[in-house]
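Coordinate-derived values only; no laboratory data. From a predicted model like this one, the values you see are computed outputs, not experimental measurements. Counting neighbours? That spans all protein chains shown, and the Cβs are built from the backbone with ideal geometry, glycine included.
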Amino acid sequence: MKKGKYIGLYLLVFFLSLAITSTRWAVNKFAFLSFDETLFQLTSPIKSAETSIITSYLTKGLLLGFIVSILVYIIVLLSYKYLLNKIKPRYLKIFLLVISIVIVYTCLYKIDFVNYVNNYFKESSFIKDNYVNPKDVDIKFPENKRNLIYIYVESLESTYFSKELGGETNSNLLEPITDITKNNINFSDTNKFGGALTIPGTTWTTGAMISQTAGIPLKFKGLETHKSTLIKNATTIGDILHDNGYNQMFMIGSDSSFGYRGEYFKKHGNYQIYDYNTAIDKKKISEDYYVWWGFEDSKLFKYAKEEITTLASEDKPFNFTMLTTNTHFTDGYLEKNCPKKYKNTYYNSVYCSAREIDEFIEWIEKQPFYDNTTIVLVGDHVSMQDNAYPRSANRRIYNLFINSVVTTNNTSNREFSTMDYFPSTLASLGVNIKGDRLGLGTNLFSNKKTLIEERGYKKVKKEISKHSKYYFNTFTD
């Protein structure tokens, strides 16, 4: 075999090995993996991305792929002459081609690319037929407008209430917030603690935020995904509150440019953005301070108390929205004051986060502005931690409405998605929404069925996954 053929053969083996190890890494690492999410992450700014994810891929994807390719290449070389005596060269080439096609197709199938392409060429009118434009709806605020504190907790799911999680004894990871969940409004898919079903286009943080604030998923035109495709023309909860005189702030412990999160909230409601860079500018942390994704959640809650106190002192209602990060995969971030109750490191980060949330809510409840404030506590999406839950677990996204103006007895055995939080959050502030629907979301405090309850979960997932000219013509162009 000529030198050039040796090199070509190795490059083919390396490419196939890397495809297999990278796919295996992605499937194990990301729950509900969709190609939409993969595409978004690959084309978004990675500044402030936590390094353990990159390290995890470099070791379990790239390095493992290289090692596998060396071993496979040695086996191929050792067997090549023997095979050459038994099989004609052209048949060997055909065999290699077939094996390559099968491996590439299988990898693309596993990362949802095949399904993504298939859906791209299927047009659906589902979004067009069911989208309710907030501009066309009579939305009336109460005379005394209430404040909103909206807390996105990274990867918070109701699965963590289980006492049999991962074989750990006494493993209710959310024990610190169990009582407040019992005593407030948790919409559930069962008659126990539960939450929202997962919908395509909402399975990562930016998609989840758009889902919860605009009542629609995040979709892309083919392989095109960048900030110009993020929804520009949809009316969101931020737009509605801004038009009704609210001061708004979005706080995050990382760089808000990651995933275009800061830009989204600026465009939809003129939020003040408080992120990792803001903390440096305000001399809260030094320029060389950097842990996890920027600064840890204990600082986030501390700075949140300061900013909320300032907002509450002003002569306007406020919307303070924040996102935690300590429970992000891989393995979460465990601060020094966190107890180590469990063998699983990630479980400890979830438990500690629940303690911090409980303390933060207790602080809010003691403030003079609390009586006129509603708190919405939600997960952004289910966890992507690969060893955090049984594969058979019934996984749902956590939600809790605290100090809501309205109540309902219809909280159990519901089927809904995070898109339903959009009108439900406004309703919890005492806002009257004619028809009880905004975007693709339904007011869960009303007696109206959600789209999932009307059409079925599989049907909604299937139709939302398809291409929608209406979506792109309405929201992105």
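Summary table
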{"quantity": "Quarter of Cα convex hull surface for segment 378-477, i.e. mean projection, nm²", "calculated": "8.5 nm²"}
{"quantity": "Reciprocal of mean inverse Cα separation for segment 287-425 (Kirkwood radius, Å)", "calculated": "17.2 Å"}
{"quantity": "Residues in segment 105-142 that a label on ASP243 would reach, taking backbone N under 12 Å of a point 7 Å out along Cα→Cβ", "calculated": "133-141"}
{"quantity": "Convex hull volume of the chain per residue (C-alpha atoms, cubic angstrom)", "calculated": "169 Å³"}
{"quantity": "Principal axis box of segment 322-377, alpha-carbon based, largest edge first, Å", "calculated": "41, 19, 14"}
{"quantity": "J(HN,Hα) series, segment 261-274, from Karplus relation 6.51 cos²θ - 1.76 cosθ + 1.60, nearest Hz, glycine and proline x", "calculated": "5, x, 4, 4, 6, 5, 6, 10, x, 6, 5, 6, 9, 10"}
{"quantity": "Across LYS284/LYS336; LYS266/LYS448; LYS343/LYS461, pairs whose alpha-carbon gap is larger than 27 Å", "calculated": "LYS266/LYS448; LYS343/LYS461"}
{"quantity": "Helical segments meeting 18 Å axial Cα length and Kyte-Doolittle -0.5 threshold in the chain (DSSP H)", "calculated": "3-29, 64-86, 89-110, 297-313, 345-365"}
